[in-house]
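Undergrad: A single structure is presented below for examination.
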Amino acid sequence: MFKGGFIQNLPKIYGLYTGGFLVFIILMAIAEQAGASAKAIGIMFVAFTVAIYALIGYLSRTVQVDAYYLAGRQVPTVFNGMATAADWMSGASFVALAGGVYFGGYSYMAFLVGWTGGYVLVSTLLAPYLRKFGCYTVPDFIGTRYGGNGVRFCAVLVLVLASFTYVTAQINATGTIAARALGIPFEAGVWVGLVSILLCSMLGGMRAVTWTQVAQYIVLIIAYLIPVFWISNKIGAGVFPHLMLGDEVARITELESQFGLTKNSAADVKAAGVPGGLKSIAVAHAGVGAGGMAVWKYISLAICMMVGTASLPHILMRYFTTPSVKSARKSVAWSLFFIFLLYSSAPMLATLSKISLMDPNLPTGIIGKSIADVQSIEWVKQWSSQKQVFIADFNGDGILQLNEWFMRTGVVVLATPEVAGLPYVISGLVAAGGMAAAMSTADGLILAIANALSHDVYFNMIDPKADVRKRLIVARVLLVVIGAAGAYIASMRITSILGAVAWAFDFAMSGLFFPLVLGVWWKRATREGAIAGMLTGLAAGTAYLIYVYPKFMGNPAWLGIDHLRFGLIGAPVCLVVMVVVSLLTKAPDAATQRMVDEVRVPSGRSILGRQH
Amino acid sequence: MSNKEKHWEKTKMHMIVTLCLWAFFSMVVFLFGYEINSMSFLGYPLAYYMTAQGSLLAFVLIIFWFANKQEKIDEEFGFGEKEDD
């Protein structure tokens, strides 16, 4: 059945895997009918999928440097696209995106545009050139292009700051899901999550992470799309929800004006004892705010997320693994296609979830019903006991109004299958999907940090004579140390501060975007310029964040640039300083100029060899 | 101009055109979010559709188009890669 090498057989192998996973879902559905408990099904889903990833991780073990750092530069275009999509879509994307759309409406959906539009920048400005360069890590490019350990170290600094901000949130998500599915405390769940993450990456580095990420993408996209299509068909909204929910969106707008959109005052919410983090619907589903400030808020958020996307090292390094420059370019397109499948479904899931709750003509509708009746519904009871949903009867009339219903954002994805009356097997599947999403992103991030420290700091700065064996041992030790540090911080539950995913984008954008882009597109850019740009950009962005964030100094935002958008301060500072300092210093030598010329054409050998 | 310089000129132009399309779908459309939301597409209000699906799809198509055309530019100047996956 399997002739030829592993790479030639990839479509067959993953086809078989997908088929096997679907069979597993059906077996679980049969088990549910036969009386298996919801808890047993949840455990089976998470344990089975994690075991498969660990097996892939073990089979991909390697002792080669280029396999460890670059997956041997042989990942085919489409598969690299799937791996990047899994790398990209975090536990937060999977669990919280639909909820964000649900409560935030149009202005929140700037994230959707930002997190996809950034790939246009990746493909036009960076990915093909970095692939031609042949670097192992993003600081490897900066260090070789500008020359010197100082500039390399600055790039490592930005990378660690941006990636570490992001990774604690991911480990937190794996912990939450593992804890719920396995019925263990959160603190233990975090460590179970970490062990699962390390099983995928430790033995095989990039190679192992690549093949587990493909497997994780398949699980997460199945887990996201099945509920969306099922619910849409069940409530008769349309066979293909993405094209057919126009009526439902219009109906929600109609119901909003019927029930009234009321923003509760903070004092009322506090007095009623609503648990922290729960929200009520107060923003129009499809309405657009008028005025220049609304437009600027939307566009500025989109810009930050787009530019940040193009500077995040764990994404850029995925394109170092393709066989050629042109496949790196195509691979960006496939990545975005696979991301699009989930991102375009999130607003549809939010729409379906909202109409299920709001429309009194549907059996699942609860708004406008008597509160006593609603509180006796099974899923409401269950999620209330976990403080995920809450009812506050502000006007005391015993009827549930729209502004009296509170939910945590994650509930939109996690509970909608139950709300719409789907069997429990779907909820188990969704848990497995969330776990896959969080694990794949955490793996990519931890690997990005550990590789930068092992290749750029240890091998290039501390011990350039280290042999391959020693380098790979150091790389693995760092992987474990960084994972453990992330898990330790996640278990302290201060991720409400560290876990702001948007910050990672702003940090990366402040320090890395212009040094990367100008490294390829501007031959005159010098080492001094790059160092000055990275440090001042990062410093300016961070200073502004401290200045504006409510928990730090809490000053009023300047021109609407709040803590989600501080990259808009950091990146321009970085650009101006880098250009000015570059022009004031001596132009790069002829060898560097030739190197940049070489990077700009796809043909020929890469600048840095396979083994370096 | 050498072959390499001509190739780079054309590559730069292609990049600029692509980024103009990108700017249109990521920013220009949403400058008029309020105004276009009264129009409808597939039954959705237009600005809602663009942010939920339309612009996202546009980005996917733009990158495929960009990659194909850039490959042709590379081949035209003899910088295409021989090996393929």
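The values are calculated or read from the model by the stated rules, or taken from the named source; none is laboratory data. Everything numeric in this text was worked out from a predicted model, so none of it was measured. With ideal geometry, Cβ positions are generated from the backbone for all residues, glycine too; neighbour counts draw on all protein chains shown. With ligands, DNA and RNA removed, areas are computed over all heavy atoms of the protein, side chains included. Shrake-Rupley method; radii C 1.70, N 1.55, O 1.52, S 1.80 Å.
Undergrad: With every protein chain present, what accessible area does A:H612 have (1.4 Å probe, heavy atoms only), rounded to the nearest 10 Å²?
TA: 50
Undergrad: Grab the beta carbon distance between A:K465 and B:K4, set R0 = 41 Å, and tell me the FRET efficiency rounded to 0.05.
TA: For R0 = 41 Å, the calculated efficiency reads 0.65.
Undergrad: Calculate the dipole size of segment B:3-76 relative to its Cα centre from +1 charges on Lys and Arg beta carbons and -1 charges on Asp and Glu beta carbons; express the result in debye to the nearest 20.
TA: That gives a dipole near 60 debye.
Undergrad: Using label points projected 7 Å from each Cα along Cα→Cβ, tell me how many nm separate B:E75 and A:S603, to one decimal.
TA: About 1.3 nm, to one decimal.
Undergrad: Then there's this: I'd like to know how segment A:500-602 sits against the 2.2 N^0.38 Å rule of thumb: what's its Cα Rg over that expected value?
TA: For segment A:500-602, the normalised Cα radius of gyration is 1.24.
Undergrad: Excluding residues fewer than 8 places away in the same chain, name every one of the aspartates and glutamates whose C-alpha is closer than 20 Å to that of A:K551.
TA: Of all the aspartates and glutamates, those that pass the test against A:K551 - Cα under 20 Å, at least 8 places apart if same chain - are A:D506, A:D562.
Undergrad: A further question follows. Add -39500 (n - 2.57) for each DSSP H run of 4 or more in chain B, then divide by its residues: what number comes out at 222 nm, to the nearest 500 deg cm²/dmol?
TA: That calculation yields -19000 deg cm²/dmol at 222 nm.
Undergrad: Taking a quarter of the surface of the convex hull around the Cα atoms of the protein assembly as shown, what do you get in nm²?
TA: Averaged projected area of the protein assembly as shown's Cα convex hull equals 30.2 nm².
Undergrad: Next question. Gap in Å between the Cα centre of segment A:358-420 and the Cα centre of segment B:30-45?
TA: Using only Cα atoms, the two centres lie 31 Å from each other.
Undergrad: Starting from the Cα of A:I13, step 7 Å along the direction of its Cβ; do the same at A:A591; then give the gap between the two resulting points in nm.
TA: Label at A:I13, label at A:A591, 4.0 nm between them.
Undergrad: Working with all protein chains in place, sort A:T144, A:T49 by solvent-accessible area computed with a 1.4 Å probe, largest first.
TA: A:T144, A:T49
Undergrad: What is the average number of partner chain Cβ atoms found within 10 Å of a Cβ in B:6-16?
TA: Shielding by partners across B:6-16 averages 2.
Undergrad: In addition: Roughly how many whole Å is it from the C-alpha centroid of segment A:561-609 to that of segment A:212-286?
TA: 43
Undergrad: Which FRET efficiency, nearest 0.05, do A:A485 and A:L583 yield, Cβ-Cβ r, R0 56 Å?
TA: 0.90
Undergrad: What translational D, rounded to a whole number of µm²/s, comes out for segment A:77-189 from Stokes-Einstein when the hydrodynamic radius is the Kirkwood one over Cα pairs, at 20 °C and 1.002 mPa s?
TA: So the translational diffusion coefficient is about 126 µm²/s.
Undergrad: So what is the relative contact order for chain A, in percent, with contacts set as C-alpha pairs under 8 Å and at least six apart?
TA: With pairs under 8 Å counted, the relative contact order is 28 percent.
Undergrad: Tell me which aspartates and glutamates have Cα within less than 16 Å of A:K470's Cα, excluding those fewer than 8 residues away on the same chain?
TA: Of all the aspartates and glutamates, those that pass the test against A:K470 - Cα under 16 Å, at least 8 places apart if same chain - are A:D66, A:D456.
Undergrad: Mean separation of Cα pairs under 8 Å and 6+ residues apart, divided by the residue count of segment B:3-76: what relative contact order is that in percent?
TA: The value is 37 percent.
Undergrad: So if R0 is 41 Å, what FRET efficiency would A:Q382 and B:L42 give, r being the distance between their Cβ atoms, rounded to the nearest 0.05?
TA: 0.65
Undergrad: Per-residue HN-Hα couplings for segment A:277-294, Karplus 6.51 cos²θ - 1.76 cosθ + 1.60 at θ = phi - 60°, whole Hz, x for Gly and Pro?
TA: x, 8, 10, 10, 6, 9, 10, 4, 5, 10, x, 10, x, 8, x, x, 5, 4
Undergrad: Looking at chain B, what % of the alpha carbon pairs are farther apart than 14 Å?
TA: When all Cα pairs of chain B are counted, 70 percent exceed 14 Å.
Undergrad: Label A:S37 and B:E35 with points 7 Å out from Cα along Cα→Cβ: what is the distance between them in nm?
TA: So the two model labels end up 6.2 nm from each other.
Undergrad: With every protein chain left in place and a probe of 1.4 Å, what is the accessible surface of A:K381, to the nearest 10 Å²?
TA: Taking all protein chains as shown, A:K381 has close to 110 Å².
Undergrad: Something else: On a 19 Å Cα-Cα criterion, which of the cross-link pairs A:K39/A:K381; A:K279/A:K354; B:K4/B:K72; A:K270/A:K297; A:K270/A:K369; A:K523/B:K10 come out too long?
TA: The pairs that break the limit, which is 19 Å between Cα atoms, are A:K270/A:K297; A:K270/A:K369.
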